[in-house]
1. State which residue is surrounded by the most Cβ atoms within 10 Å (Cβ to Cβ) when the search covers only segment 255-272 and only residues that are on the phi > 0 side of the Ramachandran plot and either assigned by TED's automatic domain parsing to the domain that holds PHE342 or in a helix (DSSP H, G or I) (or both).
2. Among the listed residues ASN313, ASN286, which satisfies the condition of being surrounded by 15 or more Cβ atoms within 10 Å (Cβ to Cβ), part of a loop (DSSP other than H, G, I, E, B) and out of contact with any helix residue (DSSP H, G or I) (no Cβ under 9 Å at 6 or more places or on another chain)?
3. So ASP110 fits all but one of (1) at pLDDT below 95; (2) in contact with a Phe, Trp or Tyr (Cβ under 6 Å, 6 or more places away or on another chain); (3) of a type in the set (Asp, Glu); what number is the exception?
4. Counting only residues that are in a helix (DSSP H, G or I), of a type outside the set (Gly, Ala, Ser) and farther than 25 Å from TYR274 by Cβ, how many does segment 217-246 have?
5. Going by the structure shown, is LYS323 part of a strand (DSSP E or B), under 26 Å from ARG168 (Cβ atoms) and either basic (Lys, Arg) or modelled with pLDDT of 95 or more (or both)?
6. Which residues, taken from segment 334-354, are crowded, with 19+ Cβ neighbours inside 10 Å and either assigned by TED's automatic domain parsing to the domain that holds ASP142 or touching a Pro at 6+ places or on another chain (Cβ under 8 Å) (or both)?
7. Condition check: in contact (Cβ under 8 Å) with a residue 60 or more places away in the chain, in contact with a His (Cβ under 7 Å, 6 or more places away or on another chain) and either surrounded by 18 or more Cβ atoms within 10 Å (Cβ to Cβ) or under 25 Å from LEU161 (Cα atoms) (or both). Does PHE331 satisfy that?
8. In this structure, is ILE360 under 20 Å from PHE199 (Cα atoms) and either among the β-branched types (Val, Ile, Thr) or outside any strand (DSSP E or B) (or both)?
Amino acid sequence: MLTDFVKFIPFAVAKAILIPEKLPGPVFTITENLLSNLTLYFLINFRTSTTNTSYFVRIVCNFLIKNLLSINNAIQSFFPVQSIIKKFLFIFLCFITTPIQVLSMEDTIDDRGVIVLMYHRFNENKYPSTNIKTADFIKHLDLIKSNNFKFINANEFENSLENNKKERKILLTIDDGFSSFYKEAWPILKENKIPFILFVSTREIGSYGYMNWDQLKEISNEDFVHIGNHSYSHEYLVDKTDADIISDLNLAFNDFKKNLNFNSPFFSYPFGEYSNRFKNIIDDFNFKYAFGQHSGVADETKDRLEIPRFPINEAYGEIKRFKTILKTLPFKYKSVLPDEKFINEKNNPPNVIVEFYDDIKNLNLINCYSNELNSWKKSKIDFLDNNKIKINLIGKFTTERGRINCSLRESDGSWRWLGLQFVVAKL
């Protein structure tokens, strides 16, 4: 599992260290280990147990099997192969007559948050950085369903952050309103009534390769569809003056009101780039939520104008990576410094300090990766306190967007995930 995870950097890997106790001779024999694994396999696949295969359950099974075998040894009289078969049947019968609660583990994850996914183009293979193949998109939807996620509607987003926190939830977002979305993805989503937010930049609507207003009106008539604001021009607004940003947003507001007869409370930053100045303007326009392009899982502690999303494209939409995304959890923190994510030559690289909440366990196993000097590498971490870390960057961010991803593995195989994005001025 860990080796698979390493392949998909920038996903960071938290490596658990298991130190076996020194005892005379092996703790468990090969036969005992084999029997415990086989027993667990049958129990899980026949749904006798509702838990995942965890280290804890496996160790418990090993000890139970060892004790059962010691009882069975007194009546062994067959040849070795027959004895193994006999042992397995004996133990399997013991396990399936044991109350299910003995083998079940209570879900210890108190908040699974909302995983927000971001798509752009569909089946436009000449744009691999923003495209997803339709066949892969269908596989994504099937994986979401088979893993018992609930697709949430835009009007359920706030409530989903605050309530039913143990429920697995997904919000689909699609940026830009390309015509390939209408042709390829919309029929699938419509047939299955899968909710989503479609963010559009109004200047491009009706241009070649983009949806037109009639198509947007058509899909917005469905109660599971929401059209969100993605600015007027989709330019690098973070580099613009306040007056330029305000003018751009006013144009988008007027287009929304004229053509759709409403203004959305949801905003998506062009290129996922924002500054504190930009955020203040978004707040003044009464947007309730604004989405970036930094990875992570949304929860009630996140800044409502810095909601994370997992970008999906041909590379990052690969099935193994997508399965890993579905295993991510919120990584809750009290603060991240610097608060300003728009940096310049003077404060590049930034001095990054993250203070997490006190109840996060095994924080010493956290790992972070960053892309300074335009190369993903593992970052050195210093603990300033039990729940406060400093992420040491060895060089400057040399691309326009500098990223840091941190992860911490939970006992059930899921990953707490924190993504940070810094925008470097004038690059």
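The values are calculated or read from the model by the stated rules, or taken from the named source; none is laboratory data. None of the values given here were measured: they were computed from a predicted structure. Every residue, glycine as well, gets a Cβ built from its backbone with ideal geometry; the counts of neighbours run over all protein chains shown.
1. GLY272
2. Among ASN313, ASN286, only ASN313 is surrounded by 15 or more Cβ atoms within 10 Å (Cβ to Cβ), part of a loop (DSSP other than H, G, I, E, B) and out of contact with any helix residue (DSSP H, G or I) (no Cβ under 9 Å at 6 or more places or on another chain).
3. Answer for ASP110: the failing condition is (2).
4. Summing the residues that are in a helix (DSSP H, G or I), of a type outside the set (Gly, Ala, Ser) and farther than 25 Å from TYR274 by Cβ in segment 217-246 gives 3.
5. It is false that LYS323 is part of a strand (DSSP E or B), under 26 Å from ARG168 (Cβ atoms) and either basic (Lys, Arg) or modelled with pLDDT of 95 or more (or both).
6. If the condition is that a residue be crowded, with 19+ Cβ neighbours inside 10 Å and either assigned by TED's automatic domain parsing to the domain that holds ASP142 or touching a Pro at 6+ places or on another chain (Cβ under 8 Å) (or both), then ILE343, PRO350, VAL352 are the ones that fit.
7. Considered against the rule, which asks whether it is in contact (Cβ under 8 Å) with a residue 60 or more places away in the chain, in contact with a His (Cβ under 7 Å, 6 or more places away or on another chain) and either surrounded by 18 or more Cβ atoms within 10 Å (Cβ to Cβ) or under 25 Å from LEU161 (Cα atoms) (or both), PHE331 comes out as no.
8. no
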